[in-house]
Each structure stands twice: as structure tokens, then as C-alpha cells.
Amino acid sequence: MELVSVLVAIVAGAALAGGVGVLVVEQNHPDKVIEQRIEEGVKAVEPEVLDYGKR
Amino acid sequence: MRPNGLKLYATCTALALLALAPVLWPGYVLVYDMVFTPEQPLNAAAFGLGDALPRAVPVDAVVALATQVVPGQVVQKAALLAIVVAGSLGAGLLVPTERTGVRVVAAVAYSWNAYVAERLFIGHWTLLLGYAALPWVAMAGLRLRDGEPRAWTRLVLASLPAVLSAPGGILALGTALATAGRRKVWQVLGVSVVLNSPWWAPSLLHDGFSDPAGVEAFSARGENWGGPVLSVLGLGGIWNAEVVPASRANPVLPVLTVLLLGLAFLGLRRLAPRLPVWPLAGLGVLGAVLALVAVLPGGVAVLEALIEHVPGAGLLRDGQKWVAWLALPFALGLAAAVERFRARLLVAVLLLGLLPDLAWGGFGRLEPVRYPADWAAVREKLDGQPGDVAVYPLSAFRRFDWNDRRTQLDPAPRYLPGTTVVDDSLSVGGRVVAGEDPRAARLRAGDLSGIGWVLVERGTPGRVDEELLARSELVHDGPDLALYRVPGAVEVAPNGPAAAPVLLAWVATGLLIGTSLLWRWLPVGRFASARREE
């Protein structure tokens, strides 16, 4: 019974993660961001020293 | 195996697969600081004998040795899976309960949180291996506290994944001290000093300091309206906005963070009669304070002064990493708090739901790619050749089309044989934090002493010294890499720390690990520790 609960919880979690994840990916998928960057011509003006990250 | 162990093991494996399944595809995950290559070279720098501060020691040596036996991508996949499986399993087993559901809550809370997600996405897999080892170090510490025979051997072995890096080693030391108690302080310190010696010995012998400009650049960052304090208390708050999961901007998160922390505190009170949790909780508070020092009034000035004048204080940079100490008491407390709940597994589901974008390798963040054929061709050409390799463009990070233009550390030092000189200065939002390799600084100034080859990595932003290329001989011209031989290269003597003390550190560590293994599994240890220690 407990194993069933664990599995149900994992499936529920995965489903929730997947559902919300799809939305998140839709908005923030790295590939999409890159596509946007290229579209906006950001690639053409990339700096000489690449950023480690941004705050 | 405990009666309910199987279910816990299955849950931990499921968690790892949920987070990292895409990583199992063939290829290498190359993102920010995470670099794996088919066969990492066993060079002096990997053992702490290079010119730069030994920031990736001893992990580079261990990975280099491992990749002599199995391909680098297998080592990478095993290491990443171990982070989630070992971390969650350790946290689950640490809870003194017979209820699997309670263990599952601890397992999920410890391995499915912002700390794991953010450090995974920035590629700090070595730090996360240390994080995953903390529950096991705590278990060993508790056995040491109880005077269990041969408990010190458990402490040595549990600490091994942590001591692969300096922060991991310190995280493990703190956890061991908090769990083993005051009477075992010297035993814990002795083990830790020896196990961590492969990184601290060469670090002490270097006279370099970190750039204090890094304090502000790498300070904790607010991820939502809760600001840096609540972000850090929610185990997030890493400095780099690019690696923060989008779900961390959830407006409900600051409120839930306070509620979950409150629940965890109540759980720790319930747990206290069964487990000495308050020293662990104190350590968690210390971790949160260290993570937040740089955002407190006057904190930047204090840290900058320390980093400028105290050797090794560079470890305080990127202080958010120390909040790892808070994760364990949080997971234990939360699990204990829900022990009487009937629907306690819903808490685990809630934790998963609060961070959905850790699933499936961050939905595209962790995606294996293959190195273009040029890399193997250049490695073959350089194999056994004298002269060091200077890599252009002069920039620590790369963005290649073949890796979907993800920001990644230059793979050249870990792919090519011999010694490779790369620019190690870091740019954060356009602000440059100076590097720590004097040789890279000389290369930036045009000094080619000891450089026998120039490698140009194509398809990544940055400038190449065309004059230098014009007077060099082109020996490989591929779509991704070009290799030039520098005429009249002058050899330079290695300028790293003295080899003898570093070698001694490695021998001492090897002896301690070997003795622990023998003491643990051979009869000699059983006879010597037949009775419980006083």
C-alpha cells in the first residue's frame, strides 16, 4: 500500500512537473531564447569576452 | 537492507531519472563550469602543480585517472546520477523513523530544491557531489559520536566525494564536526586535514590572491520579491540569473519558504530527543549567514578586505554555496514534522511541484552533445609534442553552434594533452573579475614564453591575434579548430609550487584511504576495535 502511495506521489509529481514544465519551457526554453537572440541580431554584436553570467 | 529500504531506493532512483534522464543520451553535457572530455590528460595542473591556483584539485586528477579506464561521458553520467541518488538516499536514511513516507519527504526535500537545480545548471557537479555526501558524513559523524568501532573509517569513506573540491571538503568538515560532537573534534579535524591536503597544500604554496571584485559579482541574488534573504533561505539565490529556474520567480514562493522553514523548525524540535539535530541546525544558520554576508550592510567591504589580505579567503566568494549546510536540517526537520500527517507524501509532491523546471534536465539546459571531429584530430596532432598550447580567443568561456550556443567553459585544457594556457579572467555582466593564472596574464600581454602551439577555436565570439597567426605555421585547418605551430618556441621552466610537499599530501591522503579500507574490511581492524571506544 505504501509502495502504491510512493508511486502515486512520484507519478503525480512527474505529471505536475511535466505540466508546469511545458509552460515554463514554452516561455524559457534555451533554444527559443537563442532563436530570439539570433532573430534580434544579438549574435552579431556579441562581446569579445563572453560573460560567465549575468546578475 | 532495511525492511522499507527498497521503496526508498526506488524513489531515489526515480527522482534521479526524473531530473536527469536526458543526460543519459550519448554525448557530453557541456554547460558553464561543467566540462568532461573523452580522456582527460593527467598533467601537473591536475595534481596542483600548475601555475594557476589549484581550483579543480583533486577532482581533475581523479577524473583524469577515471577516464583512462572508461570514457569521460560514462564518468559524467555516473557522477550526475550519483548526486541525486546518493543525496536523496542519504537524507532519507538519516531520518530516525520506520515510515518510508517520512524518509521520502526527506529525500525529496534534500535532492529536489533550488540549490541542486541552480548548481547543476551552472555545472558545479563537484560541489554537488560534496552536497550529496553530507548526509552520509552526518551518519558517520553520529556513529563516531556513539563510539562505534571503526566509525572513523566510515567518516573517511563518506567524505571522499566531498573532498574532491575545496568547498565540498569544508562542507563535509562542518557536517562531521556538528554530528560527531565536541569529544571527537580532534579525530574529525585529523581526518579532514589529511583528506583535504591535495588542495590545501598546493594552495598554501601559491602566492596568488583572488580578485576582490568577485565579492560583489558573485554575491547572493534575490530571485523574487522576497529578495536575497528569502531566496537564500529557500536554498536558492545563486549569483547568476541565467541559471535560475523560472519557477523561482513564483510570487507565492517567499511565503511558502517561511512556512516550510517554520515546519522544519517544529520538526527539528520533535526530532531532537532522537537525534542531536541542533548542532546541524546551527551549522545551517551559519551557512545562511555566510551566503548573505555580501548582501548585508558593510559585508562587501569586509569580504573584499579578507580576500585581498588573507590567503584562501577567496573561498568566501560566491558565498551562496555555503547554504548547502541548511539543506540537511531543513530536510530532516520537514520530514519529522510531517511524520504524523496522513497525506505526508503530498508534501513531497508539493516540493516537486514547486520546482518543476528541474525535471528532464531543466528541459534543454542539460543536453548531451558530441565534440566535432576536429577536437580528436587536434589532440592526435599534439600528442607527444613539446611546447604548451595557447588558446584563442582569449576568453574563459565559449559559445559554440554545436552546443546550441550554451555558455560553456573552454574544453581545451581538459581535452588536449600537455599544458594548455587559457584566459581565466571572468566577465559578469560586462564587469571583468581578474583571473588567477600569471601565465594567462602574460599571454594577454603578448608574452609567448613556452608556447609551442596556438589553437584557434572557431565559431565562438572573441578576437584572435591575426599577427601572431600570420607568423605561425598552420598544421590543422578544420571547420571548428585551427592549430598553428609557433616557430622558435622557447621552453620555460614550470613555475608551480614545489613538488615534494604536494606529493607528500597525495601520499598521506592515499595512505589514509587505503588504511580505512583495510581497517574496515580486513580482520586486523576487527581485532583492534573489538570493544566500543570509550
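Just so you know, all these numbers are worked out from the coordinates, no wet-lab data involved. This is a predicted model, so every value here is computed, not measured. In this analysis, Cβ positions are derived from the backbone assuming ideal geometry, glycine residues included, and neighbour counts consider all displayed protein chains.
General remarks:
- Helix B:185-195 vs. chain B, principal-axis angle (Cα, 0 to 90°, nearest 10): 30
- If both residues of a DSSP beta bridge must be in chain B, then about 65% of such bridges are antiparallel.
- For the protein assembly as shown, lysine pairs with C-alpha atoms less than 30 angstrom apart, excluding pairs fewer than eight positions apart on the same chain, total 11.
- Length-normalised contact order of chain B in % [C-alpha pairs under 8 Å, at least 6 apart]: 21
- Between the stretch B:403-437 and the stretch B:383-398, the alpha-carbon center distance in angstrom: 11
- Principal axes of the stretch B:373-485: Cα extent on each, largest first, Å: 37, 33, 25
- Each Cα pair of the protein assembly as shown feeds into the Kirkwood radius, which the Stokes-Einstein equation turns, at 20 °C and 1.002 mPa s, into a diffusion coefficient of 86 µm²/s.
- Value of Rg to Rh for chain B (Rh from inverse mean 1/r over Cα pairs, i.e. Kirkwood): 0.97
- Gyration tensor verdict on the stretch B:1-106 (Cα atoms; rounded if a/c is under 1.5, prolate if a/b is larger than b/c, oblate otherwise): prolate
- Separation between Cα centres of the stretch B:110-131 and the stretch B:243-311, rounded to whole Å: 16
- Ellipticity estimate at 222 nm from DSSP helix runs (n ≥ 4, -39,500 (n - 2.57)) divided over chain B, nearest 500: -15500 deg cm²/dmol
- Rounded if a/c under 1.5, otherwise prolate or oblate - the stretch B:216-256, Cα gyration tensor axes: oblate
- Exposure proxy shown here: for B:V95, B:V69, the number of other Cβ atoms within 10 Å sets the order, fewest to most, as B:V69, B:V95.
- The alpha carbon centroids of the stretch B:26-100 and the stretch B:209-241 are separated by 25 Å.
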